[in-house]
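Pasting in a structure now, in structure tokens, and then I'll have a few things to ask.
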Amino acid sequence: MTGFDYIENWVDELLINAGVSDEWAIYLRLLSLLIALSLISIIGFYITKKVVINYFYKLVRKSPLKWDDLLADKEVLNNFAHIVPAVFVRLLAPSIFNDFESVLPFIIKLTDVYLIIVAMTIIVALLKVAEYAFSSLEAFKDKPLTSYFQLIRIIFYITTAIFAFSILLGKSPIYFLSAFGAMTAILLLVFKDTILGFVASVQMSTNDMVRVGDWIEMPKFNADGDVIAINLNTVKVQNFDKTITTIPTYYFISDSFKNWRGMVHSGGRRIKRSLFVDTNSIRFVDHDTREALKKIHLITDFITARQEQIETFNINNKVDTSVLINGRRLTNIGVFRNYIELYLQSHPSIKKDMTIMVRQLASEDKGIPLEIYCFTDTTDWSDYERIQSDIFDHLFSAASYFDIGLFQQPNGKDIASAVRRFQTRMSES
């Protein structure tokens with residue numbers, strides 16, 4: 001006779017001595033043993049969780065290793081405490097339900113399913129720790145690890161469901177796999193976004209298209225900011241106004257977007273902006289104007305060298321220089337364009353190893369665009385805007401020294417001034 005059989009007989013004797021009939025004694029004994037089993041399971045659960053596991057956490061935190069601290073910080077091992085009640089039930093159920101053989105198989109199945117689910121939660125918790133550990137490494141910080149771990153967790157969820165149903169229904173797991181094969185079309189429809197997201201994540205990672213921390217622009221979704229998370233189904237972008245835009249992952253494969261990572265890594269951010277010159281202010285540079293422009297430090301050498309070339313050409317070709325249009329001449333817009341380029345080359349916040357160019361674009365209804373093309377020596381947004389503003393503040397002010405008029409749409413003041421001039425002329429006539 002086992003110890004548990006002795007307990008059963010002892011309970012039976014107590015119930016019979018208390019005047020309970022043999023028929024009801026069986027049910028009361030079952031109820032008593034279930035209450036005892038519940039108490040033992042609860043006590044075992046709390047001892048395991050509060051004593052054993054906490055003691056293990058203390059040992060882990062004291063160890064010289066760093067990665068195992070995540071087990072304690074994330075409380076991964078708490079799920080192990082759920083195994084203890086299930087083990088008690090699994091071991092004692094055959095004896096407790098000895099007189100209820102029809103119920104025993106169902107209890108065993110439920111216990112086995114519970115153990116499988118607990119095992120799955122432990123594995124998922126360990127995967128989360130692994131994901132956190134890998135994402136903290138420098139080599140994986142910009143990789144879409146979340147997408148891969150989400151897919152692994154989905155596989156574990158499906159596997160757990162298959163094993164659970166196979167135990168409850170008494171069928172082989174292969175039976176359910178074959179059933180899933182017949183439901184492939186439905187599964188593809190249900191998990192369409194997940195499948196597309198996974199394929200997109202793999203392509204994004206393989207081609208290094210997007211990383212966490214990249215600044216991207218996707219006008220279709222009004223996204224303009226930093227990537228803060230790449231998941232299996234979505235990519236989260238924190239816009240510069242601190243709003244969050246969530247974009248389906250597969251759109252990064254099917255649609256176009258701009259990634260500013262190359263600009264950030266280059267260390268320089270491009271300035272590409274135009275000054276619109278009023279065509280009525282463009283003229284040849286005469287002798288007096290040329291001598292006045294020579295006093296501008298940045299272009300003194302340029303004007304001297306260029307004028308020598310012009311005079312040599314005009315003398316060799318016997319050009320009548322008494323008329324400004326004859327031969328070669330400096331123009332105020334040409335001198336201004338060279339001044340801008342020399343100014344950018346001397347500016348301390350412009351990168352000298354990247355393109356510095358001032359070019360004249362095709363004329364428009366707003367005038368002649370002089371496009372400034374260069375790169376700042378910083379990619380910080382606020383510093384970039386400050387440098388760009390300082391440059392154009394200077395150029396707007398400098399234009400008048402070259403008798404250059406910058407175009408702007410007529411405003412109320414311009415119209416009022418024109419009306420006054422017209423009235424003055426009319427009164428004089």
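Going from most exposed to least, what order do L145, L91, L39 have by accessible area with a 1.4 Å probe?
From most exposed to least exposed: L91, L39, L145.
Right, another one. Would you mind classifying the range 302-429 by shape? Square roots of the alpha carbon gyration tensor eigenvalues, ordered a ≥ b ≥ c; an a/c under 1.5 is rounded, otherwise it is prolate if a/b is larger than b/c and oblate if not.
The shape class here is oblate.
Still on this structure, please answer the following. Kindly provide log₁₀ I(q)/I(0) values, in the same order as q = 0.10 Å⁻¹, from the Debye equation applied to equal alpha-carbon scatterers of the range 212-357.
The computed values of log10 I(q)/I(0) come out as -0.61.
Continuing with this model, one more query. Determine the alpha carbon to alpha carbon distance for each of K272/K352; K220/K366; K62/K236; K236/K352; K58/K128 and list only those over 27 Å.
K220/K366; K62/K236; K236/K352
Here's a follow-up. Looking at the range 364-429, what % of the alpha carbon pairs are farther apart than 19 Å?
So the portion of pairs separated by more than 19 Å is 59 percent.
The values are calculated or read from the model by the stated rules, or taken from the named source; none is laboratory data. These numbers come from a predicted model, not from an experiment. Only protein heavy atoms, including side chains, enter the accessible area calculation; ligands, DNA and RNA are left aside. Shrake-Rupley method; radii C 1.70, N 1.55, O 1.52, S 1.80 Å.
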